[in-house]
Each structure stands twice: as C-alpha cells, then as structure tokens.
Amino acid sequence: MAGKKKKEFEELRIGVFICDCGSNIAGHLDCKAVTEYAATLPGVVFAKENLYTCSEAGILEIQEAIKKHKLNRVVVASCSPRTHQPLFQNSCKSAGLNPYLFEMVNIRDQCSWVHMQDRENATRKAMDLVRMAVARAAFLEPQQDIESPLTPRVGVIGGGSAGLSAAEGLSRMGLEVVLVEKNKELGGLLRNLHKVAPEGVDASERLEGLIQDVSSRPNVKIFTGAELKSLDGYVGNYVMNIRDGEGQTVKESVGCLVIAIGAIPLVQKGLFGHDGKRVITQMELEPILKKGKFDAKRVVMIQCAGARGDERSYCSRICCMIAVKNAMFIKKLSPDTEIRILYRDMQMYGTEKEKMLWEARGEGIRFEVYDPAHPPEVGDKAVRLRQPLLGREIEFAYDLVVLSTPLVAREDASELSQLLRVPMDQNGFFLEAHAKLRPLDFAADGIFLAGSCRYPATYDEARSQGLGAAARVGTILFKDKLVTSAIVAEINPETCVGCMGCLQMCPYGAISYDQERKICQVNEILCKGCGCCAATCPSESASLRGFKPQQLMSQIRAVMEG
C-alpha cells in the first residue's frame, strides 16, 4: 500500500504560476519569493512568475508548460477566480489538460489588497495559500461537463409592452414563442395611456403596431385570459401548465421563460381626498385627455402621492415625467388652464426628460416644492401648502387635483414568485440576479425578467428590456446542447439512508426522493454546487465534486503545517 501511494505521489506533475498583476500584487508582496517557495512544494515540477498571467503571453506560457513539462495539475495564484477562473480553465483544456485539474489562489484580494502596508506578512500569507492550493491540487479529479438537450421554444408571461417586445425579438430570431396574458386583451398599461413621453407619440399607435407584428407571426402562440398554473422541469427543458381562457389546462414545453407581468398604478381611495372626480390619479387623467377636450381651468398635481413614505419607501421613477407630460398636453388643449405641480424632488432622469422639464417651465407650468413633513392638504375648494422657503402657508384654488401615484407590484406577483422559486424585494418587485452584471436574469437559470415587474419603467425602457431578455434567451437556446459545470452534488446510493434531510436544505429543489429505492438523488442540471446537502448529510453520503473531504482536509493540513 505504501509503495502504491509513493508511485501516485511521484506521478504528480504540478505547475504553479504566480502573477505580478503589474504592481497590483507585486507592489505589495514579494512574488519572486513566493515563486521560489512554490518550486519546493511536493509534486511541483515547474514554477513561474508572470507579469500578467491572464495576458495572451501568460496564457501561452501555461499551455507550453503543460506540454513541455507534462503537467497534470495547474495552480495559478493571481486575482479573483470569479472573473478569471473560466479563462484559465479553458486555457488548460486547449492544451489537453482536463479543466477540473486546475486550482486558483486569490493572492490579490486576500493578500496584496488587505495587507498593503505589511509586505512581509502579505508574502507569508501568499505562501500559505499557494501551499494549500498545491495540497488540494494533488487530490483533484478529472470531471466531465454535464450536458443536456434543449427545447428551442420560449414562454413569455405577460402581454404588455415588455412581454410583446420580448416575443417580437424572440420570433425574429427564429424561436417559437408561447405568450401567456392574464387579461383578455394584449397591451398592458400601454392600452390606457394617451401619449408616450418624451416623444409625445400616441400610445395606441405604438401598441397597435406591436400587437399586429407579434400576432401575425406564425411562430408565436398566444393565450389571452390565461394563467401559468405550474412549472415543471429545469433550464432547457421546462413544461408550462397553462390554464387557458376556457378553463382548460394546456401543457407547453419550453427551454426558457421571460417574466414580464408588469405593475399596476396605485389607486387608493381617500388618499389626498381621492374620489375619482375632483381628485383623480394620473392614470385616471389619461382617458380624459384622450377625448381631446379639457374644461378645468385650475389644476394642481401632487407628486409622490402614496410613495416615499412609511408604507412605500421607494421612488417610482416615472411619476414626475408622467405629470410633466400630461401637464404639457393640458396646456396644448387649454392654454389658459393654470397648472401647478407640487413636488418633493423632480426625478427627470436623462437629457430628453430634463428638456421636458425646462420646456414645461417655459410654457407657464408652475412648480412648487413641499416638505414631506408637511404634505399638501386638499380642501373642498383649495389646496393648502406650507411653503418651506417662505415658511408660511399658501393656498391654490383648484377645479381638479391630480395625484401622481406610484406603480406597485401586482397582487399575483408573490404567487408567481413561489411558483417559479424566484426572489422578490421588500416592495414586491422581482429581484434580478445582479443589478449591474445580470439585470435581466433571475438567479434561477433559464428564467429572465423585463419591464415594470422588475421596477417601474417607461415604455422605451420596458421595450429595451424585453428585447434584452430575448437576447439573453438566445445565449442559451442557440446552442446545440446545454453544458453546465461538473461541480455539483452527488449522493452515494450505497450509504444513503433516505432521511431526506438534504431535501429540506437544498435551496434549488435539485434533490428528490426515490420512493422505490428509498434513497435521495440529485438532478445535476438543477444543482448549483452550493454544498448545503454535503454539510447536512448525517451519513456523509452527500458530497460535492471538487470539494470532497479528502481535498478539503489536505488544505487544512497544509495550513497547519505553516
């Protein structure tokens, strides 16, 4: 047995590459000393210091070393694995080495950045991390990426501007689309609008063209008055169970989903005296403006009505633009009408919307700031306002008060969130995977979002997000097959006792219980490799590939040696 272990040890050929990252790492620790130390570690046959390991020259050095020195393990000590590990793994694969025989050490974030003023300790810590990586690399095992077939169809939930735009983009890309709209008509909130800002184009023109385009496409299947009742499967192979307009259940197979259910404007009876007649909302004003005639001579608009308070702390973003847009159109219909907009802050982001604000001031629309601690009071004939600059109360007589209320999440959004197992924020809007890096993705693979269900959006924003979500779907469905990482959980059927503790711990629903065999099993496509099951399993039957006890214990022993 001892001879066999010695033979396996002798066969290890580990290459270690230490990155200077210019002066980003080398400026705060001794990379040359770390490289020389790495060369002394068991199993290491080649160690090299690079100026930039991720550069073309650095990648070429790794590939040449793999071939020349017959390396069967590679360790790179550089920056964050989150950004650079795929690059190095692919480089190893190109040189003929299994990419799962690669190990990475983050000596930038964990050494040079946190110990900038302590070069000696930063160097010593880098040596410790490299020693741990080499120890773990000795027990790495080759793995094969997981492959799965794809269904080149897409489900779009929501038939508003975002959903229609997504369906349009997907159909133009040649993908089949299943569009599900809960209402009997397509269009969403756009159907109720008069003009679309900042261009001032008729909303009906935009909507009719979009609906006609989508409805005329042979690869788009539309369900109206319908609802998604359940979803089975996983990315690339979902099955949608839809209740159609006739109450029948229809099954549709899709590879990805786009969620674009939108939001609804807040209508709260009694808010600032709201009665739907003298005091109305901006959305209730839209059909009045559609008629092309406006009689009121004194109009007061109140911003942030029902928003930015204790109940709803967020800014709805688009309310200020809508108020200015409608105020300007009232001026076109009735130039003599006196309009005052009472605001806390004007959220007119973007150059075009900022231009609208200045044009509105030029047309004689008055803007009056108010203190949220002393909100306007709507009386029977006048609105009283405490002017914070003057420090006294002023009154404005009115014929009509218009409240700029926020868009709020739909009531059925939480039900859909549970059905799809996707997160929501504290305001009931869907939560993307990352606000900047993945703004149209859910954390769940193969499910994307667009429009006001994510956060209040203008027509242009909803449309661009719908088209963006379609592009994101294309990154998955335009492949011959789905390829995912092999770093997933596995359960040993010989030792599993079927306690089902791992089922409760798995946040992705990737583990199921086999009633016939009385054991638990992992769906590799659904598994994200979080390791919760491995940490929970009392019989140690569940483990995570690439992070088995032997691999982790080797690192622990290596750090203790230091």
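One residue stands out among those in the range 396-424 that are touching a residue at least 40 places away in the same chain (Cβ under 8 Å) and either in a helix (DSSP H, G or I) or among the aromatic types (Phe, Trp, Tyr) (or both): the one that is nearest to Ser230 (Cα to Cα), which is Leu419. The residues listed here are Lys293, Lys277; of these, the one that is more than 27 Å from the chain's Cα centre (by Cα), touching a residue at least 40 places away in the same chain (Cβ under 8 Å), surrounded by fewer than 18 Cβ atoms within 10 Å (Cβ to Cβ) and over 21 Å from Arg410 (Cα atoms) is Lys293. Just one residue in the set Gly174, Gly158, Gly169, Gly163 is of a type in the set (Gly, Ala, Ser), under 26 Å from the mean Cα position of the chain (by Cα) and surrounded by fewer than 19 Cβ atoms within 10 Å (Cβ to Cβ); that residue is Gly174.
As a summary of the residue check, Gly446 satisfies the conditions (1) touching a residue at least 40 places away in the same chain (Cβ under 8 Å); (2) within 27 Å of Arg545 (Cα to Cα); (3) surrounded by fewer than 20 Cβ atoms within 10 Å (Cβ to Cβ); (4) assigned by TED's automatic domain parsing to the domain that holds Glu168 except for the one numbered (3). If the condition is being closer than 25 Å to Lys481 by Cβ and either in contact with a Gly (Cβ under 9 Å, 6 or more places away or on another chain) or not in a strand (DSSP E or B) (or both), then the range 218-232 contributes Asn219, Leu231.
Restricting the search to the range 46-61, which residues are surrounded by 13 or more Cβ atoms within 10 Å (Cβ to Cβ) and farther than 23 Å from Thr123 by Cβ?
Filtering the range 46-61 down to residues surrounded by 13 or more Cβ atoms within 10 Å (Cβ to Cβ) leaves 46-54, 58-59, 61.
Residue satisfying the conditions is Ile59 alone.
One line per residue, one yes/no per condition, for (1) part of a loop (DSSP other than H, G, I, E, B); (2) touching a Gly at 6+ places or on another chain (Cβ under 7 Å); (3) under 12 Å from Phe17 (Cβ atoms); (4) outside the structural domain of Leu12 (by TED's automatic domain parsing):
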position	(1), (2), (3), (4)
Tyr52	yes, yes, yes, no
Gln63	no, no, yes, no
Val76	no, no, yes, no
Gln85	no, no, no, no
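Name the residues in the range 425-447 that are assigned to a strand (DSSP E or B) and modelled with pLDDT under 95, would you? Answer for the range 425-447, where residues must be assigned to a strand (DSSP E or B) and modelled with pLDDT under 95: His434, Arg438. Could you pull out the residue among Lys355, Lys381, Lys332, Lys325 that is touching a residue at least 60 places away in the same chain (Cβ under 8 Å) and more than 30 Å from Gly158 (Cβ to Cβ)? Step by step, each of Lys355, Lys381, Lys332, Lys325 is checked, and only Lys355 is touching a residue at least 60 places away in the same chain (Cβ under 8 Å) and more than 30 Å from Gly158 (Cβ to Cβ). Note on the range 5-27: residues that are among the acidic types (Asp, Glu), at pLDDT below 95 and part of a loop (DSSP other than H, G, I, E, B) amount to 0. Residues that are of a type in the set (A, V, I, L, M, F, W, C) and surrounded by fewer than 14 Cβ atoms within 10 Å (Cβ to Cβ) within the range 458-478 comprise just one, Phe478. Just a yes or no: is a residue in the range 363-381 farther than 19 Å from His274 by Cα, more than 40 Å from the chain's Cα centre (by Cα) and not assigned by TED's automatic domain parsing to the domain that holds Gln426? So far as the range 363-381 goes, yes, one or more of its residues are farther than 19 Å from His274 by Cα, more than 40 Å from the chain's Cα centre (by Cα) and not assigned by TED's automatic domain parsing to the domain that holds Gln426.
Within the range 529-557, residues that are of a type in the set (Gly, Ala, Ser) reach partners that are in a helix (DSSP H, G or I) with beta carbons closer than 6 Å, at six or more positions or on different chains, in the pairs Ala542/Cys502; Ala542/Cys533; Ala542/Ala534; Ser543/Ala534; Ser554/Ala135; Ser554/Arg136. Among the residues of this structure, Ala203 counts as one that is surrounded by fewer than 22 Cβ atoms within 10 Å (Cβ to Cβ) and within 22 Å of Lys290 (Cα to Cα). Filtering Leu419, Leu390 for residues that are surrounded by fewer than 19 Cβ atoms within 10 Å (Cβ to Cβ), modelled with pLDDT under 95, of a type outside the set (D, E, K, R) and within 28 Å of Arg278 (Cβ to Cβ) leaves a single hit, Leu390. Can you name every residue in the range 243-267 that is in contact (Cβ under 8 Å) with a residue 60 or more places away in the chain, outside any loop (DSSP other than H, G, I, E, B) and surrounded by fewer than 21 Cβ atoms within 10 Å (Cβ to Cβ)? Glu252, Ser253, Ile264 - these are the residues of the range 243-267 that are in contact (Cβ under 8 Å) with a residue 60 or more places away in the chain, outside any loop (DSSP other than H, G, I, E, B) and surrounded by fewer than 21 Cβ atoms within 10 Å (Cβ to Cβ). Applying the condition of being of a type in the set (A, V, I, L, M, F, W, C) and crowded, with 16+ Cβ neighbours inside 10 Å to the range 479-498 and asking which residue is farthest from Ala535 (Cα to Cα) yields Leu482.
Filter the range 109-122 down to residues that are in a helix (DSSP H, G or I) and surrounded by fewer than 21 Cβ atoms within 10 Å (Cβ to Cβ) and give me whichever is nearest to the chain's Cα centre (by Cα). So that I can check it myself, show each step before the final result.
Residues of the range 109-122 in a helix (DSSP H, G or I): 109-112, 119-122.
Subsequent filtering for residues that are surrounded by fewer than 21 Cβ atoms within 10 Å (Cβ to Cβ) retains 109-110, 119-121.
Working: Asp109: 25, Gln110: 27, Arg119: 39, Glu120: 41, Asn121: 38 Å.
Across the range 109-122, the extreme among qualifying residues is Asp109.
The set of residues in the range 290-310 being at pLDDT 95 or above and not in a loop (DSSP other than H, G, I, E, B) consists of Arg298, Val299, Val300, Met301, Ile302.
Lys125 satisfies every condition listed in (1) touching a helix residue (DSSP H, G or I) at 6+ places or on another chain (Cβ under 6 Å); (2) crowded, with 22+ Cβ neighbours inside 10 Å except (2).
Going by the conditions given, is Glu199 acidic (Asp, Glu) and modelled with pLDDT of 95 or more? Walk me through how you get there before you give the answer.
Values: acidic (Asp, Glu): yes; modelled with pLDDT of 95 or more: no.
Taking the combined requirement at face value, the residue does not satisfy it.
Pairs meeting the criteria (first residue in the range 226-238 and free of Cβ contacts under 8 Å to residues at least 60 places away in the same chain, second residue among the acidic types (Asp, Glu), beta carbons under 7 Å, at least 6 apart or on different chains) are Ala226/Glu181; Ala226/Asp244. Would you point out which residue out of Ala38, Ala26 is assigned by TED's automatic domain parsing to the domain that holds Gln117, of a type in the set (Gly, Ala, Ser), crowded, with 18+ Cβ neighbours inside 10 Å and in contact with an Asp or Glu (Cβ under 9 Å, 6 or more places away or on another chain)? Exactly one residue qualifies, and that residue is Ala26. When Glu524, Glu561 are checked against the criterion of being in contact (Cβ under 8 Å) with a residue 40 or more places away in the chain, within 25 Å of Asp145 (Cα to Cα), charged (D, E, K, R) and not assigned by TED's automatic domain parsing to the domain that holds Phe442, Glu524 stands alone in meeting it. Answer yes if at least one residue in the range 143-153 is among the hydrophobic types (A, V, I, L, M, F, W, C) and more than 30 Å from Asp412 (Cβ to Cβ), and no otherwise. Yes, the range 143-153 has at least one match.
The values are calculated or read from the model by the stated rules, or taken from the named source; none is laboratory data. Remember, predicted model here, so these are calculated numbers, not experimental data. Note that we place each Cβ from the backbone using ideal geometry, even for glycine, and neighbour counts take in every protein chain shown.
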